[in-house]
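Report on one structure; see the data block that follows.
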Amino acid sequence: MFYSPGMSWTRGAGTALAACVLLLTGTAGCGSGDEKGPGAGASPTSAGRLLGDTDEDGRRYREAAAGHAPEVGIEVKPNADDSWDVRLTVRDFRFSPAGTEPAAVAGRGVARLFVDGDLITALRGPRHRLVAGLVPRGTHHVTARLYADDGTVWAVDGEPVESTADITASDAGPTGATQPTLREDAAGPAGGPPLTGGHGSPGRGGEAS
């Protein structure tokens with residue numbers, strides 16, 4: 001299992017103190033920022049197989065075929081206006097544009113963004129802006145999970161392909177940098193090369209960048 005460095009920020013009174021930790025979920029990770037994926041002509045037989053497990057909304061997991069396992073990493077940084085910039089880094093995955101046929105194709109789909117388990121939006125690109133109202137004072141978990149265009153969840157070794165960052169918002173004054181800690185999210189698939197670090201359609205309370 002590979003870990004990427006964590007990051008820390010300190011802001012003054014009335015703003016947020018953020019400690020963002022990249023949690024790599026299985027093959028999910030943080031990497032170069034290059035978006036890779038098979039062409040539109042990918043064989044239907046490479047779209048993996050459906051599993052019995054589902055996500056919170058009952059969407060079935062889809063085990064990625066060997067050689068087509070996607071990866072995702074997430075980074076969240078605070079802005080001066082108390083909003084948050086979210087950046088995803090993907091590998092062996094390509095974001096599908098709006099209007100894409102709802103069929104599973106290896107290495108393609110959308111990333112769904114969650115805050116504390118609540119769905120915020122479906123992203124069709126690597127960046128998004130979370131408005132301050134979605135991140136009240138306290139510690140929150142921001143998760144990006146990859147889905148195929150038919151709504152199934154991309155999985156590797158039976159676990160969803162996702163990555164989570166922990167952020168902490170506070171209205172306290174400057175206290176010095178917080179040293180982040182790294183932990184492995186047991187919900188993710190194991191293995192895969194490291195990544196560092198997938199723009200998005202507008203969602204509930206958020207803005208696409």
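Annotations
- Any hit, the range 83-101, residues being in contact with a Ser or Thr (Cβ under 6 Å, 6 or more places away or on another chain) and among the basic types (Lys, Arg): no
- In the range 153-167, the residues that are over 22 Å from residue 52 (Cα atoms) and crowded, with 22+ Cβ neighbours inside 10 Å form Cβ pairs under 7 Å with partners that are at pLDDT 95 or above and of a type in the set (A, V, I, L, M), at six or more places apart or across chains, as follows: 164/74; 164/142; 165/74; 165/76; 165/142; 167/76; 167/142.
- For beta carbons closer than 9 Å, sequence separation of 6+ or different chains, a first residue in the range 90-103 that is polar (S, T, N, Q) and a second that is part of a loop (DSSP other than H, G, I, E, B) and open to solvent by 20 Å² or more (accessible area, probe 1.4 Å), the qualifying pairs are 96/105; 96/124; 96/149; 100/124; 100/149.
- Residue 145 being of a type in the set (Lys, Arg) and at pLDDT 95 or above: yes
- Scan of the range 117-142 for residues that are among the charged types (D, E, K, R) and at pLDDT 95 or above, ordered by number: 118, 124, 127, 129
- Test: residue in the range 46-53 that is surrounded by fewer than 22 Cβ atoms within 10 Å (Cβ to Cβ), part of a strand (DSSP E or B) and touching a Pro at 6+ places or on another chain (Cβ under 9 Å): yes
The values are calculated or read from the model by the stated rules, or taken from the named source; none is laboratory data. For clarity, every value in this text was computed on a predicted model and none was experimentally measured. All Cβ positions, glycine included, derive from the backbone under ideal geometry; neighbour counts span all protein chains shown. For the accessible areas, the whole protein counts, side chains as well, though only heavy atoms, and no ligand, DNA or RNA atoms are used. Shrake-Rupley method; radii C 1.70, N 1.55, O 1.52, S 1.80 Å.
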